[in-house]
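Written out below as structure tokens is the structure these notes cover.
Any read-out appearing in this document is the output of simple, stated calculations on the displayed coordinates, not a laboratory observation. Computed from a prediction, not measured in an experiment: that's the story for all the values here. Glycine also receives a Cβ, built like all others from the backbone with ideal geometry; neighbour counts cover every protein chain displayed.
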């Protein structure tokens with residue numbers, strides 16, 4: 001199997017580090033919005049944001065483990081993430097419409113970062129991770145009329161999540 005040179009692995013790990021940072025920034029923003037959403041769409045958005053951050057948590061682990069498999073340390077500090085991420089941090093508490101707008105923009109940013117990796121990872125095992133990450137990203141954009149793929153996507157019966165995502169909460173989202 002062609003696993004590339006040390007320079008190839010370093011370039012892939014660097015690109016994945018940017019993807020990890022963007023994905024983590026989006027995860028934090030989504031989780032914060034889950035905690036702070038208000039208004040007439042509270043219940044719908046609260047549950048949707050929880051499903052999104054749960055899926056994002058799983059994607060974070062896959063990306064970090066791939067960086068480690070390439071023989072490089074995964075970024076793991078807020079300083080490293082803020083340096084690598086293209087998604088800005090939200091320090092206030094926007095209204096629900098602005099939360100949705102920011103999350104859509106964040107999903108698009110993660111997708112752009114992932115797509116930049118394609119020329120680097122073509123015909124390598126990491127390419128499968130990129131495709132998997134994009135499918136998670138696209139499917140978490142669950143807004144009414146968002147796209148046909150999101151309405152068709154099926155979720156597994158069980159899915160790991162962050163420590164605060166209970167199995168009963170995830171089961172309620174699948175209904």
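Restricting things to alpha carbons, find the Rg to Rh ratio for the range 1-88 using the Kirkwood radius for Rh. If you can, show how the numbers build up before the last one.
Working: Rg = 15.8 Å, Rh = 14.2 Å.
A ratio of 1.11.
Among 23, 17, which comes first, second and so on when ranked by fewest other beta-carbon atoms within 10 Å?
Numbers: 23 29, 17 21.
Sorted ascending by nearby Cβ count, the order is 17, 23.
Please give the length that would be gained between residue 104 and residue 79 if that part of the chain were fully extended, namely 0.36 nm times their separation in residues minus their C-alpha to C-alpha distance (nm, one decimal). Can you show the working numbers first?
Values: separation 25, 0.36 × 25 = 9.00 nm, distance 2.43 nm.
Here the answer is 6.6 nm.
Give me 8, 61 ranked fewest to most by other Cβ atoms within 10 Å of their Cβ, as a rough exposure proxy. Working shown, then result.
On the way: 8 16, 61 12.
Result, fewest neighbours first: 61, 8.
Is the shape of the range 41-83 rounded, prolate or oblate, going by the alpha carbon gyration tensor and its root eigenvalues a ≥ b ≥ c, with a/c under 1.5 for rounded and a/b larger than b/c for prolate? The partial results should precede the final answer.
On the way: a/c = 6.33, a/b = 2.17, b/c = 2.92.
Oblate is the answer for the range 41-83, as a/c is 1.5 or above yet b/c matches or exceeds a/b.
Among 41, 48, what is the fewest-to-most ranking by other Cβ atoms within 10 Å?
Least to most surrounded, the residues fall as 41, 48.
Could you calculate the contour length gain from residue 43 to residue 14, that is, 0.36 nm times the residue separation minus the distance between their Cα atoms, to one decimal place in nm? Spell out each step's value before the answer.
On the way: separation 29, 0.36 × 29 = 10.44 nm, distance 3.85 nm.
Stretched fully, the residue 43-residue 14 segment lengthens by 6.6 nm.
Between residue 112 and residue 72, what length in nm is gained on full extension when 0.36 nm per residue of separation is reduced by their alpha carbon distance? List each step's numbers first, then the result.
On the way: separation 40, 0.36 × 40 = 14.40 nm, distance 2.27 nm.
Here the segment from residue 112 to residue 72 would lengthen by 12.1 nm.
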